[in-house]
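Notes follow the structure.
The values are calculated or read from the model by the stated rules, or taken from the named source; none is laboratory data. For clarity, every value in this text was computed on a predicted model and none was experimentally measured. Ideal geometry is used to build each Cβ from the backbone, glycine not excepted, and the neighbour counts take in all protein chains shown. Accessible surface areas use protein heavy atoms only, side chains included; no ligands, DNA or RNA. Shrake-Rupley method; radii C 1.70, N 1.55, O 1.52, S 1.80 Å.
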Amino acid sequence: MVAGGVVLVLVASMLMVFYFLLGCTFTTAGCQKPNSTMDSICPISTNGKLFPWAELRLPPSVQPVHYSISLHPNLTLMTFQGSVSILVQVLHETKNIVLHSSDMNIIKATFEGKEVHFLECKPWQQIAFKFPEDLKKGQYVLNINYTANLSSNFDGFYNSSYVDTNGIKRVLAATQFEPLAARKAFPCFDEPAFKSTFTIKMTRESKYISLSNMPKVKTTDLKNGLQEDEFEKSVKMSTYLVAFIVADFISVSNNVSVYAVPDKKEEVQYALDTACKLLKFYNTFFVKHYPLSKLDLVAIPDFLAGAMENWGLITFRETTLLVGSNSSSIDKQLVTSVIAHELAHQWFGNLVTMRWWNDLWLNEGFATYMQYMSIETVFPSLDIDTEFLNVRFKALAKDALNSSHPLSTVVSTPEQVEEMFDSVSYEKGASILLMLNATLTDGEFPKGVIEYLQKYNLSNTESEDLWNSLSQVSKQNLSVSEMMNTWTVHKGFPLVTVKRSGTQVTLTQEHFLLNAENSTDDSLWHIPLTYVTDKCSVLTTLNLPDQVKWLKFNFRSDGFYIVHYDEEGWKDLIDALKEDVNVLTCKDRAALINNIFALSRSGKVSFRQVLNLMDYMRNETETAPLTEALFQLGQIYRLLDKRSELNLASRMTSYIEDHFGSLMERESWDLETSVSKMTLRSALLEMACSLNIHNCTTQAKHLFDQWFTSNKTSQIPSDLMRTVFKVAAQTDEGWGKLLDVYKHSINDPEKRKTLEKSLDGSEIQTQEFPLVMKTICKNFAGYLYAWDFVKENWDKITQKFPVGSFAIQSIIMSATSQFSTKTHLVEAQNFFTSLGTKGSQMRIVQEAIETIQLNMRWMENNLNTLQSWLLGLLRKRYDCNCLNSSGYG
């Protein structure tokens, strides 16, 4: 699915279990057998009787073989009726069958045709059937009839709606089960390892269609104008991949089918063509063709995640699947990326699935890596390499915090499962696979992947299984497992420090932390080092040619680590760049910028050294290094701005204008087709308008007025919409126009960029709330309002978005990541502590607190330097209308 703290030891895991039991009480009387995590503590069920199971994970003694599910959603009352018949296999004699169920009214249950009663522990979302005698090994049938409400959030079997071009509200029902919500649609063994086959039947009104994972077998007419669709028996799969939809969608097909609301039929062709090309690539790469007989891609109007890889029925946000006539190459890059990610999941995640959520990275890291690899091959014009580099930098930033977590880590509670959907599982997972692929030779990486998929077809795996498969095909003198375990079981990544004396190079490694105070971590990584010099680029042997002028490690930034050089090493690189920027690849230049800002934040280099490197930027023209520099400087500007260091913020504006002003001034506001140029233009002009450089806001207002007075026929380039709309929204008149456009627009790229100033849930789709928060928090006045809003509305927010989810992570970091004062630190600590079971234990809370502390430390260490340096820089600028290294204060 497209969307840290210290690893908990056993005792801490027990405490987390206690913490999560909101409604259960406990007794030590009558427990069956001691259990690994809960010992002899058993919860009490809703009827006051002893619940026979005391763990959040289900017992392994009973496993599902097949589900027959019948559902009838009522899209008027927003309820549904359901029945499920589960063929179970008893593997070990037991008196209990325990499975998951949440928010259901169970009407009747039978076991082998005889009515049985059940016990329920709601906080654990479990139900249990107790039998007087041990069930012998063998197969049995459990039937359950139930009713439930269609969810009003974005998980389980939920209701969605949209307004068509005639202003009529249309309703539908869709599913989102990953990670823990299949249990909200039907009672089930809702864990990835409990794979089973499924048969789905759906009763609907005749004006709707229904879709599920498998092709439809037949439709039967029922009474009262209802119809029942029956779908083929599925392949063996995990519950979180089951999906069904009831809606009035239309489709376009060509081997693959793409569905959308009728008003957007003209926007599906790009997705169809893209999916077909990518499917062909994956069929060839994996040497195993897509295993199902159909593949549907469906755009859902209300959808929280970017997309979901349900096997054979992939669901998307409309913005990540539909491409209209005014969509730009950047819009296409987003849609292509999401499609590529979800199609990769059909093999990695669906065909072969992680055993438990602690190894989520096996699903998401691999799908993320394949997303970039496939696009680079099939759609080279989309410049996906720059985007991949950018997300690797973001993963490094998160993983440099004490609050990060290992790729494979302990996961127990639902909250912890939700928290695994973060940039560590996705982007870091993809990054170490890139590094491994770059290390292995002779096509060993794809060979190992194919071996892995063939060996574990329709099964569940752990990280070690992947490494073993790659080791079997590798002819190199290294153990893939030994090497890669250092990257999956340790949190964080290494800092490689390079000290050079003539041709002799000394390398050391340490765990890189932005705040290494009191750290006792002695982790070591097996690092596949590469370097580039002014003579060559090779795998490192540490035997340099004579008269090498400079040396840069981590060639093209393929490795997941950062590099620090001694004083001469940095000076040699900076001098080389000032003489000729092209001595290094654009990826290497971007990496130098990223690394030196991180080193400055950790206190390992002075900010003066950062500015020394930045001086070469006047000659930079490539997108990757320029956008990275703008991002880093923008972060510092916002910290100064929000700390009300207005003089310093003004001086920083002048510094940015001096280094990037000529590029900003040269940028065109006309339509552009190159993704690379659009990415750079968007970054430059958004910065220029936010700092009011070169009358950028005047041009943005002019473009907006043209667009509005022409009744939206005068097109705003898609990559500039956000910048133009942000400028327009700064006036009451402009905001009113934008909100009116949003309410009456069906063009999603336009909608997405229009809504970015509002928190009014009645006007803006709730799914966009995290994006709205992020945008508002970039503004000086907005970030304090947003923080107050989060505090005052926390209960409502956590009703809409699960605690620990990616949405909650985004909301918290948007609201707090730019605080840099003791007052805000204490305020945040007090608020999060007060949450108790509603969020105080989240890893993202630790990350937020740590980020504020790092901001405070950076300000304390660098404020004086900034004041003296920027003041000296301005004096030089105004005295001689030039700026060079002599301008440093």
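Quick notes on this structure:
- Filtering the range 387-408 to residues that are open to solvent by 30 Å² or more (accessible area, probe 1.4 Å), farther than 24 Å from Ile330 by Cα and not in a loop (DSSP other than H, G, I, E, B) leaves only Ala397.
- One residue alone among Leu755, Leu720, Leu739, Leu759 is at pLDDT below 90 and open to solvent by less than 10 Å² (accessible area, probe 1.4 Å), and that residue is Leu755.
- Ile776 vs. criteria open to solvent by less than 20 Å² (accessible area, probe 1.4 Å), under 26 Å from Glu686 (Cβ atoms) and at pLDDT below 80: yes
- Residues that are open to solvent by less than 20 Å² (accessible area, probe 1.4 Å), at pLDDT below 95, in contact with a strand residue (DSSP E or B) (Cβ under 8 Å, 6 or more places away or on another chain) and of a type in the set (D, E, K, R) are absent from the range 136-156.
- Residues satisfying the stated conditions in the range 638-674, i.e. among the aromatic types (Phe, Trp, Tyr) and within 26 Å of Phe388 (Cβ to Cβ): Phe660
- Only one entry of Ser329, Ser293, Ser325 meets the criterion of being among the small types (Gly, Ala, Ser), open to solvent by 10 Å² or more (accessible area, probe 1.4 Å) and more than 30 Å from Asp670 (Cα to Cα), and that entry is Ser293.
- Subset of the range 68-119 that is surrounded by fewer than 17 Cβ atoms within 10 Å (Cβ to Cβ), of a type in the set (Ser, Thr, Tyr) and touching a Ser or Thr at 6+ places or on another chain (Cβ under 8 Å) - its residue that is nearest to Ala181 (Cα to Cα): Thr79
- Complete set of residues in the range 464-483 that are part of a helix (DSSP H, G or I) and open to solvent by 10 Å² or more (accessible area, probe 1.4 Å): Glu464, Asp465, Asn468, Ser471, Gln472, Val473, Ser481, Glu482
- Condition check for Leu211: in a strand (DSSP E or B) and of a type in the set (A, V, I, L, M): yes
- Every condition in (1) over 16 Å from Pro528 (Cα atoms); (2) open to solvent by less than 40 Å² (accessible area, probe 1.4 Å) is met by Gln454 except one, and the failing one is (2).
- Tally of residues being open to solvent by 10 Å² or more (accessible area, probe 1.4 Å) and among the hydrophobic types (A, V, I, L, M, F, W, C) across the range 349-381: 4
- Subset tally (residues that are within 21 Å of His100 (Cβ to Cβ), of a type in the set (Gly, Ala, Ser) and either outside the structural domain of Phe244 (by the TED database) or in a strand (DSSP E or B) (or both)) for the range 138-191: 5
- Residue-level analysis places Thr220 outside the set of residues that are in a strand (DSSP E or B) and closer than 27 Å to Ile127 by Cβ.
- The numbered conditions (1) open to solvent by less than 20 Å² (accessible area, probe 1.4 Å); (2) not in a loop (DSSP other than H, G, I, E, B) are all true for Gly804 except (2).
- Taking the criterion of being under 17 Å from Gln818 (Cβ atoms), open to solvent by less than 10 Å² (accessible area, probe 1.4 Å) and over 33 Å from the mean Cα position of the chain (by Cα), the only residue of the range 632-671 that qualifies is Leu648.
- The set of residues in the range 601-631 that are of a type in the set (Asp, Glu) and either at pLDDT below 95 or open to solvent by less than 60 Å² (accessible area, probe 1.4 Å) (or both) comprises Asp615, Glu620, Glu628.
- Glu232 meets the stated requirement of being open to solvent by 50 Å² or more (accessible area, probe 1.4 Å), assigned by the TED database to the domain that holds Pro59, among the acidic types (Asp, Glu) and over 29 Å from Thr319 (Cα atoms).
- Among the residues listed as Val496, Val538, the single one being within 23 Å of Leu577 (Cα to Cα), outside any loop (DSSP other than H, G, I, E, B) and modelled with pLDDT under 90: Val538
- Those residues of the range 815-831 which are assigned to a helix (DSSP H, G or I) and crowded, with 23+ Cβ neighbours inside 10 Å, in sequence order: Ala815, Thr816
- Residues satisfying the criterion are present in the range 212-229 (criterion: closer than 23 Å to Asp155 by Cα, modelled with pLDDT of 95 or more and open to solvent by 10 Å² or more (accessible area, probe 1.4 Å)).
- Filter result for Phe194 (in contact with a Pro (Cβ under 6 Å, 6 or more places away or on another chain), open to solvent by 10 Å² or more (accessible area, probe 1.4 Å) and not assigned by the TED database to the domain that holds Asn350): yes
- Of residues in the range 36-67 being open to solvent by less than 30 Å² (accessible area, probe 1.4 Å) and assigned to a strand (DSSP E or B), the one modelled with the lowest pLDDT: Cys42
- For the range 254-290, filtering for residues that are polar (S, T, N, Q) and assigned to a helix (DSSP H, G or I) leaves 4.
- Taking the conditions (1) open to solvent by 30 Å² or more (accessible area, probe 1.4 Å); (2) modelled with pLDDT under 90 in turn, Trp858 satisfies each one other than (1).
- The range 723-736: number of residues that are of a type in the set (Ser, Thr, Tyr) and either open to solvent by less than 20 Å² (accessible area, probe 1.4 Å) or within 18 Å of Lys774 (Cα to Cα) (or both): 1
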